[in-house]
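Report on one structure; see the data block that follows.
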Amino acid sequence: MNDACYTYSQQLMGTTVSLQLLTENPQAVAAVFNTIKALETRLTVNRPHSEVMSINHAAGKHAVVVSELVFDLIKQAKQASLLPNSSFNLAIGPLVKLWKIGFNGHRVPDAQSINEKRRLIDPNLIELNQHNHSVYLAKKGMEIDLGAIAKGYIADIIKLVLAQHNIHHAIINCGGNVLTIGSSPFTPNQHWQVGLKKPFASATSLLGIIQVQDKSVVTSGIYERYFVQDDQIYHHIINPATGYPLNNELDSITIISTNSLTGDIFSTIMYGLGCKKGLAALNERNSMGAIFVTKDKRIILKNQQHFQFHLLDQSYQLCPAD
Ligand code: AMP
Ligand code: MG
């Protein structure tokens, strides 16, 4: 077993991004962090200007030509938004901005404002022109928000950047979105170890360890960004059908998949489906594994051929789904 490991971290995309390599490679490290910065600059909606913001600023006025890369992500995000029973919605921006969850000024908006914003979140009103890569938001006030999937998309691109530098064993953690590349030299079974966070506990409290090889591990949890008002938790995943945070029996859902964008899309979709419907949907989608963590302290493992899980917190009950 090799135990040399080089870890590099930077604050990017509103989180700590950390990269672990097996050998020192300053060029690769610079390429990775520069790529993340460049992509964040194009995709963010938390700054006045970006490619996505140029689309949002032109809502109801005109189409905006964007780069192939941004167009490709918006196209995939629109397709995911239109899947049957999908609570992933790339047009959710007006509601995210209204609630401000995770930002200064968060509060429960009045029902009328929520209803007004709900009229601006129909993904069908995002018109895509494949020929010139232009995007048009058909109503004034519409806003694309790629916050749920940008990290996954970027992680997949980082894997390609590392491959260009001949790096085929690494792990990149973009604040809850972990992409493991190849096998790990640090464990006897050559699996990478990824911690599953305990909901609403300190950042270092873990429910268990997920072991994977060459997989993405993405978690969507209601404890990541939230506020409490009148004893009620308001978290950052909004139900497009109601305009309020999604409310079900889950504290978190983790998707284990080959591709990190897929994991990011489906962690939101599966959170929205809840346990029963989510587990049924995963019968059809057995290319991904899943870990559901319920508010009543059950951990349900699905499609376990893709990962191993070791429970650390005995106050939780492990429930295999298959
Ligand atoms: P994640 O941390 O990947 O679960 O994504 C959460 C972020 O996705 C939020 O902070 C919002 O920017 C955005 N978001 C919230 N609700 C939705 C939704 N229903 N569909 C797509 N994006 C959403
Ligand atoms: Mg996500």
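The values are calculated or read from the model by the stated rules, or taken from the named source; none is laboratory data. Values in this document were obtained by computation on a predicted structure and should not be read as measured data. Neighbour counts run over all protein chains shown; Cβ positions are idealised from the backbone, glycine included. Protein only, heavy atoms only, side chains kept; ligands, DNA and RNA dropped before computing areas. Shrake-Rupley method; radii C 1.70, N 1.55, O 1.52, S 1.80 Å.
In order along the stretch 13-19, the phi-based Karplus estimate (6.51 cos²θ - 1.76 cosθ + 1.60, θ = phi - 60°) of 3J(HN,Hα) comes to 6, x, 8, 8, 9, 10, 10 Hz; Gly and Pro are listed as x. From the alpha carbon centroid of the stretch 252-267 to that of the stretch 44-97 is 20 Å. With all protein chains in place and a 1.4 Å probe, the accessible surface of the chain carries 49 percent carbon and sulfur. Calculated on C-alpha atoms, the gyration radius of the stretch 51-145 divided by its Kirkwood radius gives an Rg/Rh of 0.98. For the chain, what does the alpha-carbon gyration tensor say about shape, rounded, prolate or oblate, given a ≥ b ≥ c as the root eigenvalues, a/c under 1.5 as rounded, and a/b over b/c as prolate? Oblate shape, in that a/c is at least 1.5 and b/c is the bigger or equal ratio.
Heavy-atom accessible surface of Cys275, to the nearest 10 Å², is about 10 Å², with a 1.4 Å probe and all protein chains retained. Residue by residue, the stretch 183-191 carries 3J(HN,Hα) couplings of 9, 9, x, 8, 10, x, 8, 6, 9 Hz when phi is fed to the Karplus relation 6.51 cos²θ - 1.76 cosθ + 1.60 (θ = phi - 60°); x denotes Gly or Pro. Pairs with C-alpha atoms separated by more than 28 Å, drawn from the list Lys117/Lys215; Lys139/Lys277; Lys78/Lys276; Lys75/Lys197; Lys139/Lys159, are Lys117/Lys215; Lys139/Lys277; Lys75/Lys197; Lys139/Lys159. Give the shape of the stretch 133-240 as rounded, prolate or oblate, defined through the alpha-carbon gyration tensor: a ≥ b ≥ c are the square roots of its eigenvalues, a/c under 1.5 means rounded, and otherwise the shape is prolate if a/b is larger than b/c and oblate if not. Taking the square roots of the gyration eigenvalues as a ≥ b ≥ c, the stretch 133-240 is oblate. So how strong a dipole does the stretch 206-295 carry about its Cα centre when Lys and Arg Cβ are +1 and Asp and Glu Cβ are -1, to the nearest 20 debye? That gives a dipole near 220 debye. Among Phe71, Ile101, Ile114, which residue has its Cα furthest toward the positive end of the charge dipole of the stretch 51-145, with +1 on Lys/Arg Cβ and -1 on Asp/Glu Cβ? About the Cα centre, the residue reaching furthest to the positive side is Ile114. Overall, the anisotropy analysis places the stretch 181-292 in the oblate class: the square-rooted eigenvalues a ≥ b ≥ c of its C-alpha gyration tensor yield a/c not less than 1.5, with a/b not exceeding b/c. Farthest towards the positive end of the charge dipole of the chain, among the residues Pro26, His165, Thr254, is the Cα of Thr254, using unit charges on the Cβ of Lys, Arg, Asp and Glu.
Using a cutoff of 8 angstrom between alpha carbon atoms and counting only pairs six or more residues apart, the relative contact order for the chain works out to 16 percent. Coupling constants for the stretch 263-273 follow from the phi torsions by the Karplus curve (6.51 cos²θ - 1.76 cosθ + 1.60, θ = phi - 60°), and in residue order they are x, 5, 5, 7, 5, 6, 4, 5, 4, x, 6 Hz; glycine and proline get x. Taking every protein chain into account, the accessible area of the stretch 51-145 amounts to 48 square angstrom per residue (probe 1.4 Å).
Per-residue ellipticity at 222 nm computed for the chain from its helices equals -9500 deg cm²/dmol, with DSSP H segments shorter than 4 residues left out and the rest contributing -39,500 (n - 2.57). For the stretch 51-145, the relative contact order is 45 percent, taking Cα pairs closer than 8 Å that sit 6 or more residues apart in sequence and dividing their mean separation by the residue count.
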